[in-house]
1. Against the 2.2 N^0.38 Å scaling, with N counting residues, where does region 133-179 land? I'd like the Cα-based Rg ratio to two decimal places.
2. Report, in cubic angstrom per residue, the convex hull volume of the C-alpha atoms of the chain.
3. Given the rule -39500 (n - 2.57) for each run of at least 4 DSSP H residues, summed and divided by the residues of the chain, what is its mean residue ellipticity at 222 nm, to the nearest 500 deg cm²/dmol?
4. For region 217-224, in order, what is each residue's ³J(HN,Hα) by Karplus, 6.51 cos²θ - 1.76 cosθ + 1.60 with θ = phi - 60°, in whole Hz (x at glycine and Pro)?
5. State the percent of C-alpha pairs, over all pairs in region 1-137, separated by a distance greater than 19 angstrom.
6. Mind listing the long-range amide H neighbours of VAL168? Cut-off is under 5 Å, sequence gap 5 or more, other chains count too, H placed in the peptide plane at 1.01 Å from N.
7. Helix 4-16: angle to the longest alpha-carbon principal axis of the chain, degrees 0 to 90, nearest 10?
8. Can you say what percent of the DSSP beta bridges in region 163-309, counting only those with both residues inside, are antiparallel? Round to 5.
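Please treat every number below as a calculation from the coordinates, not as lab data. This is a predicted model, so every value here is computed, not measured.
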Amino acid sequence: MIETRLLRQFIAVAEELHFHRAAERLHMAQPPLSQAIRKLEDELGLLLFERSNRNVALTAAGASFLETARCALLQLEDGVEQARRVAAGVAGRLTVTFIDTAHFDMMPLVVRTFRHQFPNVELRLQEATTTAQVDAIRTGIADIGFMRWPGIVIPDLTFERVAQEPVVVALPEDHPLAKAATVTLADLAPDDFVATPRAEGPGLHDQLIGLCRLAGFSPRIAQEARQMQTAVGLVAVGLGVALVPDSLARGQRNGVVFRPIAVDAPPEMTVMDVVVGWDASKRSPVRDGFLATARQVAAYDMQHISFDH
């Protein structure tokens with residue numbers, strides 16, 4: 001490997017074509033500079049300069065190497081600057097995972113705000129279930145994720161709530177309760193339910209099953225869907241009813257209606273949380289910048305979520 005010091009010394013001599021002037025430019029004595037150029041020529045096995053008592057001229061090999069040396073130093077300087085920007089969190093690459101319903105509200109605003117604040121960061125967005133996101137973050141495939149509360153102890157990950165929305169029921173438009181202002185959850189006991197598999201998000205699954213049990217029944221799950229959007233689609237074709245986040249009610253969907261539910265349950269069970277999860281043991285200024293943006297965008301003060309209960 002050629003030292004960058006030798007490259008800078010060579011460039012100075014090549015541009016000045018005079019060892020004394022080059023030495024002054026480099027703030028060094030001439031003999032050490034001459035020795036440095038000979039060392040460089042020995043390392044390369046090339047004659048870079050034609051020397052005489054009066055003149056110094058580049059050889060053809062020296063002229064070619066001059067362009068190489070300039071490019072190498074410029075690339076190194078660019079690399080150092082890029083590394084500094086990455087270390088400062090204003091450049092780099094960030095992989096963000098998200099659940100399908102996160103894009104309705106917060107996700108687009110967080111992404112737009114972050115891209116405006118950090119235009120040199122390459123964002124990679126990947127939709128995934130909560131369980132898949134947890135696995136991706138733990139294995140380093142993803143840096144941060146928007147997900148539902150996992151509902152299980154994951155000691156190496158940190159979670160923070162960034163959004164919260166009411167639980168509503170999705171009903172086929174010809175359902176007997178479709179025109180009710182509010183649906184009492186107990187009235188749905190005879191119905192088939194569409195639900196997400198527990199393996200894809202145990203926290204949300206257990207929460208919704210728990211709501212039904214507080215209403216006095218265990219739901220009969222006739223269909224499973226990995227994504228909430230798919231669950232609503234199955235409701236629209238009459239395969240059951242589903243408990244979903246209120247954000248899904250804001251989109252136009254033929255064949256399905258959304259209604260608030262009434263159930264005697266603790267308030268925290270009647271809302272769905274969106275949390276961000278990340279591995280705090282891995283240092284990432286870019287990820288921290290994204291997390292700060294998510295906190296800025298959140299409609300209310302974030303609250304740290306503990307899984308010790």
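1. 1.77
2. That works out to 184 Å³ per residue.
3. Roughly -12500 deg cm²/dmol at 222 nm, from the helical runs in the chain.
4. Per-residue couplings from phi come out as 8, 9, x, 8, 7, 8, 9, 10 Hz.
5. Everything past 19 Å amounts to 65 percent.
6. Those qualifying (amide H under 5 Å, at least 5 residues apart or on another chain) are VAL244, ASP246.
7. 50
8. 65
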